[in-house]
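The values are calculated or read from the model by the stated rules, or taken from the named source; none is laboratory data. None of the values given here were measured: they were computed from a predicted structure. As a convention, Cβ positions derive from the backbone with ideal geometry for all residues, glycine included, and neighbour counts pool all protein chains shown.
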Amino acid sequence: MSKQVFTVDEIKRKIEQYCVYQDRCHKEIEKKLTEYNLIPEAKEYILLHLLEHNFLNEERFAKSFARGKFRIKKWGKERITRELKFRDISSYNIKTALKEINEQDYIATLYELVEKKNKLVTEVNLYKRKKKIADYLLYRGYESRLIYEALNTIQ
């Protein structure tokens, strides 16, 4: 099967649709553009077009990413930061994105997760039990200081 050939305008429209469907970061767009085997000038032209017409906005991407991962996957700030850095998002945009997370909701979610995990862990030894819950929350990306405060509520 031969590869389909598209004009630069067709690719531009496809990438616009890709961006409209969900906020994307530069890295995702560049990866998508690589699939089309474009010459560097065409890639630059499309990227510039996306930026100028606000299809590609890193700050908006970072904010929606942080909100979504916290609300849906209940990730902590450290995990969100790690994932955004992996996507080459600037420190400024990461800080801005983390402000999207309400502090009371954040703490409430952490305590909710502690409670939920505490019911699921079958370990009898209290210290081992707390260790398992702490490991789970660290993986989720919560700050160790907050985790240990929350774990002190477990009897």
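Taking the numbered list (1) at pLDDT below 95; (2) within 11 Å of the chain's Cα centre (by Cα) in turn, Arg13 passes all entries but (2). Annotation note: of Ser64, Ser91, the sole residue that is outside the structural domain of Arg140 (by TED's automatic domain parsing), of a type in the set (S, T, N, Q) and loosely packed, with under 14 Cβ neighbours inside 10 Å is Ser91. Taking every residue in region 109-120 that is at negative phi and pairing it with any residue that is among the hydroxyl-bearing types (Ser, Thr, Tyr) and crowded, with 19+ Cβ neighbours inside 10 Å, at least 6 positions away or on another chain, the pairs with Cβ-Cβ distances below 6 Å are Leu110/Tyr142.
Hey, any hits in region 116-133 for a residue that's of a type in the set (Ser, Thr, Tyr), modelled with pLDDT of 95 or more and farther than 30 Å from Ile29 by Cα? Scanning region 116-133, I find no residue that is of a type in the set (Ser, Thr, Tyr), modelled with pLDDT of 95 or more and farther than 30 Å from Ile29 by Cα, so the answer is no. The set of residues from region 115-138 being in contact with a helix residue (DSSP H, G or I) (Cβ under 7 Å, 6 or more places away or on another chain) and among the hydroxyl-bearing types (Ser, Thr, Tyr) comprises just one member, Tyr136.
Say whether the condition of being of a type in the set (S, T, N, Q) and either assigned to a loop (DSSP other than H, G, I, E, B) or free of Cβ contacts under 8 Å to residues at least 24 places away in the same chain (or both) is met by at least one residue in region 58-77. Checked against the condition, which is being of a type in the set (S, T, N, Q) and either assigned to a loop (DSSP other than H, G, I, E, B) or free of Cβ contacts under 8 Å to residues at least 24 places away in the same chain (or both), region 58-77 yields no hits at all. Among the residues of region 119-145, those that are assigned to a helix (DSSP H, G or I), surrounded by 14 or more Cβ atoms within 10 Å (Cβ to Cβ) and not β-branched (Val, Ile, Thr) comprise Arg129, Lys130, Lys131, Lys132, Ala134, Tyr136, Leu137, Leu138, Arg140. The residues of region 94-128 that are under 19 Å from Arg71 (Cβ atoms) and of a type in the set (S, T, N, Q), listed by number, are Thr96, Asn102, Gln104, Thr109.
Residues in region 26-38 include none that are surrounded by 17 or more Cβ atoms within 10 Å (Cβ to Cβ), of a type in the set (Asp, Glu), within 21 Å of the chain's Cα centre (by Cα) and not assigned by TED's automatic domain parsing to the domain that holds Gly141.
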